[in-house]
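Shown next, in structure tokens, is the structure this report addresses.
Read the figures in this text as sums done on the coordinates, not as results from a lab. From a predicted model like this one, the values you see are computed outputs, not experimental measurements. Here the Cβ positions follow ideal geometry from the backbone for every residue, glycine too, while neighbour counts run over all protein chains shown.
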Amino acid sequence: MKWGKWVVRLVLQFAAVAAVSFLGSQAAAATQDGPALMLVVGLLTATLAIFVHRLVAARMERRPVDELSGRGAAPGLAWGTLGGLAIFGLVILTIAVFGGYQVHGFGTIPSAVGLLGVMAAAAATEELMFRGVLFRIVEERAGTWFALVATGLLFGMAHLFNPDASLWGAIAIAIEAGGMLTAAYVATRTLWVPIGLHFGWNFAAGGIFGTAVSGNGTSQGLLSATMSGPDVLTGGAFGPEGSVYSVVFCVLATIAFLRMAHRRGNLKPFPRRGPAVPDQRGADETAALTRLSR
């Protein structure tokens, strides 16, 4: 495929999901006082984004959209969500052991219900844009390793626009999410697992443990808690994603997924363009003409 068509395909598919994400965020902002409505809006945004990606990818690329195959949706989302909850739980447990996380009581269930929708929309739209479009299409041209690093950096940079963002927080996100979520996609070649991982991680942070999520301020989750101590251990205002513990646990998960991808033969090398191979029939005809002319 020519570079022009490749760029157009990437931009249009990314823009289609980004438009759904923007409309969903505007609708969610208008329903902040109604947790049930926030839940509905979030789930509708996630569903519409998935539908739009399937439609645009199928039309533009004329292929089955296997990364969103319905057959693996339920188990992929379930295992991914459990994995995200578990990994973030290990991060909070480690921070708590060293005195950086203190629970003071219970939060509110309605707030947690609203966050279910918010986190579902964020997980679906961000995974579709960064893994389903950017990583997948860049990987076609540059191989798995380059695409993983490049799109991971872009994902981290995108979080610099959050209210309490920091350069270290963006770097941590690039390593953690850019690595772990991309590796989960490469290992399974489905978006359901990274969507589940992303949702489970975010909901655990905001909806359960009541911490800041990617610099977006402290959430009202099921637990009412505070964090204290060095920013390098707790993540500071950016939230636990800025903690070195998050980096360590996510890097370990990334390595596990990449090993799985290697065993399954899912890693794509950087495409190499070798020297042109001459047409053998043309070479034979040239040799025959040479002999006749002698």
Practice task
Lys and Arg at +1, Asp and Glu at -1: add these up for the other residues within a Cβ distance under 12 Å of Leu134 and post the number.
Solution key: 0
Exercise for the section: Would you calculate, for the chain, the mean residue ellipticity at 222 nm contributed by helices, counting each DSSP H stretch of 4 or more residues as -39,500 (n - 2.57) and dividing by all residues, to the nearest 500? Expected result: -22500 deg cm²/dmol
Exercise for the section: Relative to the longest principal axis of the C-alpha atoms of the chain, give the angle of the C-alpha long axis of helix 136-158, reported between 0 and 90° and rounded to the nearest 10°. Expected result: 30
Exercise for the section: Rounded to whole Hz and in sequence order, give me ³J(HN,Hα) for the stretch 39-53 from the Karplus expression 6.51 cos²θ - 1.76 cosθ + 1.60, θ = phi - 60°, writing x for Gly and Pro. Expected result: 4, 5, 4, x, 5, 5, 4, 4, 5, 5, 4, 5, 4, 5, 4
Completion exercise
Summing +1 per Lys or Arg and -1 per Asp or Glu among the other residues with Cβ less than 15 Å from Ile92's Cβ gives -2
Practice task
Taking the chain as the reference, fit the longest principal axis to its C-alpha atoms, fit the long axis of helix 73-97 to the helix C-alpha atoms, and give the angle between the two in degrees, 0 to 90, nearest 10.
Solution key: 50
Fill in the blank from the handout: Karplus ³J(HN,Hα) for the stretch 186-192 (6.51 cos²θ - 1.76 cosθ + 1.60, θ = phi - 60°; Hz, whole; x = Gly/Pro) runs 4, 5, 9, 6, 9, 8, 5
Handout entry: Max mean-square fluctuation residue, GNM over the chain, Cα-Cα springs under 10 Å, options Gly206, Gly89, Gly239
Key = Gly89
Completion exercise
For Ser224, other-chain or 5+-apart residues with amide H closer than 5 Å (H placed, Pro excluded) are His104, Gly105, Phe106, Gly107
Completion exercise
Cβ density ranking, 10 Å radius, fewest first, applied to Ser219, Ser243 yields Ser219, Ser243
Handout entry: Helix 3-29 vs. the chain, principal-axis angle (Cα, 0 to 90°, nearest 10)
Key = 20
Practice task
Convert each backbone phi in the stretch 109-120 into a coupling constant with the Karplus relation 6.51 cos²θ - 1.76 cosθ + 1.60 (shift: θ = phi - 60°), then list the ³J(HN,Hα) values in order as whole Hz, x for Gly and Pro.
Solution key: 5, x, 4, 5, 5, x, 5, 4, x, 4, 6, 5
